Amino acid sequence: MSDIAKSLPDKNRTVPFRADTLSRLRVSAEYVAIPLLALLCAFILFSAFLLLIGKSPLTFVELLWTGGYGTAFSWRNTLQRASPLILTALAVAIPARLGLVMIGGEGALVLSGFVAAAIAVPFVGSGLTAWIVMPLMVLAAGLTGALWLGLAGYLRYRRGVNETIASLLLSYIAIAIMNFFVEGVLRDPAQPNKASTLPIGEAYKVGLIPDLGVHWGIVCGVVLAVALYILMARTTFGFAARITGGNLRAALAQGLPVGRLILASCMIAGACAGLAGYFEVAAIQGRANASLAAGYGFTGILVSFLARHNPIAIVPVAILFGGLAAAGGLIQRRMGMPDATILVLQGFIFVVLLTSETLYGHFKLFKP
Amino acid sequence: MNDPLLTVLIAMLGGAIRVSTPFMFVALGECLTEKSGRINLGLEGTLVLGAMVGYAVCYQSGSPWLGVLAAGCAGTLLGGLHGYLCKLPKVNDIAIGIAMMSLGTGLAFFFGKAYIQPEAAHLPSVPLGAWLENKQLAVALDVNPLFFVGIAVALAMAWALRNTRWGLIVRMTGDSAAAARAMGISVDLVRFLATAAGGFLAGVGGSFLSLYYPGSWNEGLSSGQGLMAVALVIFARWDPVRCFLAALLFGAAGALGPALQSVGVTQGYYLFNAAPYILTLLIMIASSNSSRSLAAPGELSITK
C-alpha cells in the first residue's frame, strides 16, 4: 500500500504545466468522443430504419465502406465530392466566428461558377495561354462570391438586416441571374435539352493531381482551411473577430472596427464559396448550368456546424460526407434501394450530431 | 380579349390563386412557430414530405382529403421532433432546421420512389368563375378548396392570437420568455406545441402540391417554397392576414414570368422569377434599422 503511494507522483510536486496539458487533453477528448458517440447513435438508428424496411445493415455498412473509402477509385470519388463541401463549409465557419449565421453559400457558389465560365468562354479557341485565363477565372469567381456575401454583411452592419435571411434571398437571386444568362444570351445552342453556357474548353480546365486522380480543389480546400484556422486562431484579426462574436458590446467598447470585421469575414466566406463554384465549373462540369445548384452550399452549412466552425475540423467532416455521397450509387445498385437512401442517412447523422451539442459539459470525465 | 395586358393580368390572378396556397400554409405555420419565439427552417422538408405522404395516402385510399390529413400528421411529426430537439440546451434551431430539411426531403424521396408513376385522385376544384363569359377568367377562377381553408385558418389565427388566452400565451412566449416563465407558463411546451402545429400546416400545404397543383408526386415539386416562407413571414411582419396577402403577392409574382412568356415576352423570364425575393430583400432593407418597427417577436433569434 505504502509502496504504491510512494510510486505515485507527489501532488505538491506536480509540475503545473503537466496538469495543464492533461486537463486540456481531457477537454479536447470531449470534442472527439461526443461526435463519435453521436455518429455511432446515428448509425444504430439508421440500422433500425434499414431493418424496418427489411434490408441488412451489415451489407449497407460494407457497401458504404467499399464505395466511400475501400478502394483508390472510391477515395477519388470521395475527395472530389469533399472538395466543394470544405469550401462551402468554410464560407459558413468564418462568419460564424463573429456570431453570423450565413446560409447563402449555395448562391455564391452558383453565381461565381457562372462568372468563371462566362470569363473563359470568349477566350476559347483564341489561343490565349491558360496562364492568363485561369488566374482571371479564379479571381473573377472569388471576387464575385466575396461581393455577393459581402453585400449580406454590408446590409447586416449598415442597415441591421438579418444576415441569415438576406443571404438566403441573395442565394435565390443568384440562381435566377445564372438561369437568366444560361437560358438566354449565353446559351449554348448545341445543347437543346439542358441550358448551359458554351464549354470552357480543355485548355482552361483544371487538371488532376498526378498519382491521385483528384482535381486541385481538394488541395485548395485543405490549404485554405489551414490558412483560415491560423487567421482565426493566431492573428489580431482572428482575435478581434472572436471578441466580436463573443460579445458585440465589449468589442464596440474596445473600439474594434466591428463593421470592417463583419464585412471582411463575409467577403472571405464569399470568396471560399466562389472558389467552390470555380472548381465545379473548371474541374467537373466544364461549363455553367443548373447542375451547379446541387445543394453543396446547404450541406456545407451542416458540415460547418458539425465541425463546430473549426476550419481544420471541417476537412475530416467534409470527407466523411463526401464518402457517403460517393457510396450512394453502389448502395443503390447492390441493395435495390432508392438513391435517396444516402439523403436519409445524412439526415439521421445531421440531426443526431447537432442534438449531441447538448451533451457538452455534462460528463465529469471530461472536466478539467 | 386579345389585349395582352388583360391576358397577363388574368394569368397573374389565376397564378396568384393557384400558386399561393402552399405558400399560405407554410407561411402560416412558420408564422405561428415564430410567434412563439422559435424559427423552423425545416419547413421545406415538411412541405416535401407532406406532398409525398399526401399523394401516397390518397393513392392507397382513393380519398384526397384523407391524404391531406395524413400529410398534416406527417408534418406534425417533423415539427414536433424539431420542437423537441430545439428545447434542449445549446442546440441551434437554425442548424437543426436545415438538418430537418435534409431529413424530411430524404424520407420523402426514399418512400416516394414508388409513387412517381401512379396516378392518384386530385382534390376537386370549385369553379367560381363558371358564370363568366370570359373563358380565361373562368379558368383562372377555378379555385381549390384548400385556398378557402387557408383563408379561414389565417383569419382564425389572427383572431385567436389577438383575442384568446392561448393567443396571448403564444405571443408572450415569443416576446419575452422571462415574462412567460414569471406567469408560470412552460415556455418549452408552448414552443413545442407551436412548432408541431406549424408543421401540421406546412404538411397540409405540401399535400396541395401533389394533390392539386402541379398535381402529381415528383422530386422537384417544391423549389424552395418552404424556405421562402421564412422570408414571406418577415415580409408579412408576423401577421397571419398579411401572410395570406403576401402569399397571394408571391404567387402573382411567380406567375409573372410564365404570363409574360405566354404573350410573347420571353426576355427576362428568370429574372421575373426572382421578383418575390428581390421584393422581400428591398422591404427588409427599407424597414430595418429598428427591429421594433418590424413588429417581430422579441425572442426570435433571426431578428436580433
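In the protein assembly as shown, a dipole from Cβ-located charges (positive for Lys and Arg, negative for Asp and Glu) runs towards its positive end, and of B:ALA247, A:GLY295, A:LEU365 it is A:LEU365 whose Cα lies farthest in that direction.
Calculated accessible area for the stretch A:56-336 comes out at 40 Å² per residue, all protein chains present (probe 1.4 Å; ligands, DNA, RNA ignored). Over all orientations, the protein assembly as shown has a Cα convex hull whose mean projected area works out to 36.9 square nanometres.
Once the C-beta distance of B:ASN134 and A:ASN247 is scaled by a Förster radius of 45 Å, the resulting FRET efficiency is 0.10 to the nearest 0.05. With the cut-off at under 15 Å, measuring from each backbone N in the stretch A:326-352 to a point 7 Å along the Cα-to-Cβ line of A:LEU37 picks out A:352. Modelled spin labels at B:LEU245 and B:GLU219, positioned 7 Å past Cα toward Cβ, are 4.1 nm from each other. In the protein assembly as shown, taking the dipole from charged Cβ atoms about the Cα centre, the farthest positive-side position among A:MET137, B:SER262, B:LEU81 is held by B:LEU81. The dipole here belongs to the protein assembly as shown: it is taken about the Cα centre, uses +1 on the Cβ of Lys and Arg and -1 on the Cβ of Asp and Glu, and is about 1920 debye.
Rounded to the nearest 20 Debye, what is the dipole magnitude of chain B about its Cα centre when Lys and Arg each give +1 and Asp and Glu each give -1 at the C-beta?
Here chain B has a charge dipole of around 820 debye.
Mind grabbing the base-10 log of I(q)/I(0) for the stretch B:59-153 at q = 0.14, 0.15, 0.18 Å⁻¹? Debye formula, identical points on the C-alpha positions, no solvent, two decimal places. At q = 0.14, 0.15, 0.18 Å⁻¹ the computed log10 ratios are -0.78, -0.85, -1.00.
Distant-in-sequence amide contacts of A:HIS215, defined by a placed amide H-H separation under 5 Å and a gap of 5 or more residues or a different chain, comprise A:ILE209. Restricting the calculation to Cα atoms, the stretch A:45-162 yields a radius of gyration followed by a Dmax of 20.7, 60 Å. Here the alpha carbons of chain B define both size measures, Rg and Dmax, at 19.3, 65 Å. Neighbours of A:LEU263, meaning other residues whose beta-carbon lies under 15 angstrom from its beta-carbon, give a summed charge of +4 when Lys and Arg score +1 and Asp and Glu score -1. Between A:ASP339 and B:ILE151, the simple label model (points 7 Å from Cα in the Cβ direction) yields a spacing of 4.2 nm. Within the stretch A:129-254, the proportion of Cα pairs with more than 23 Å between them is 57 percent. Near B:ALA27: Cβ cut-off under 15 Å, other residues only, Lys/Arg at +1 and Asp/Glu at -1. The net charge is -1. Ordering B:PHE192, B:VAL143, B:TRP65 by Cα displacement along the dipole of chain B toward the positive end leaves B:PHE192 in first place; charges were set at the Cβ atoms of Lys, Arg (+1) and Asp, Glu (-1). Over chain A, dividing the summed -39,500 (n - 2.57) contributions of all DSSP H runs of at least 4 residues by the number of residues returns a 222 nm mean residue ellipticity of -23000 deg cm²/dmol. Split the accessible area of the protein assembly as shown by element, probe 1.4 Å, and carbon with sulfur accounts for 66%.
Here chain A is assigned +1 on the Cβ of each Lys and Arg and -1 on the Cβ of each Asp and Glu. Its dipole about the Cα centre then comes out at about 940 debye. For the pair A:VAL185 and A:LEU22, a Förster radius of 56 Å applied to the C-beta separation gives a FRET efficiency near 0.30, rounded to the nearest 0.05. Once the Cα-Cα distance is subtracted from the 0.36 nm per residue extended length, the B:GLU119 to B:LEU5 segment shows a gain of 37.4 nm.
Mean projected area of the Cα convex hull of chain A, taken over all directions, amounts to 25.2 nm².
Solvent-accessible surface, computed for protein heavy atoms with a probe of 1.4 Å, shrinks by 40 Å² or more for the following residues of the stretch B:75-115 when the other protein chains are added to the isolated chain: B:LYS90, B:ILE94, B:ALA95, B:ILE98, B:ALA99, B:SER102, B:LEU103, B:PHE110, B:LYS113. With K and R counted +1 and D and E -1, the other residues having a Cβ less than 12 Å from that of A:TYR157 yield a net charge of +3. Only helices enter the 222 nm calculation for chain B: every DSSP H run of n ≥ 4 contributes -39,500 (n - 2.57), and dividing by all residues gives -23500 deg cm²/dmol, rounded to 500.
In this structure, no residue pair taken from A:LYS194/B:LYS113; A:LYS364/B:LYS90; A:LYS364/B:LYS87; B:LYS35/B:LYS90 has a Cα-Cα separation over 29 Å. Computed from the C-beta positions of A:SER291 and A:TYR360 and an R0 of 35 Å, the FRET efficiency is 0.35 to the nearest 0.05.
The values are calculated or read from the model by the stated rules, or taken from the named source; none is laboratory data. Treat the numbers as computed from the prediction; the structure is a model and nothing was measured. No Cβ is skipped: glycine too gets one built from the backbone with ideal geometry, and neighbour counts run over all protein chains shown. Surface accessibility is based on the protein's heavy atoms, side chains included, excluding ligands, DNA and RNA. Shrake-Rupley method; radii C 1.70, N 1.55, O 1.52, S 1.80 Å.
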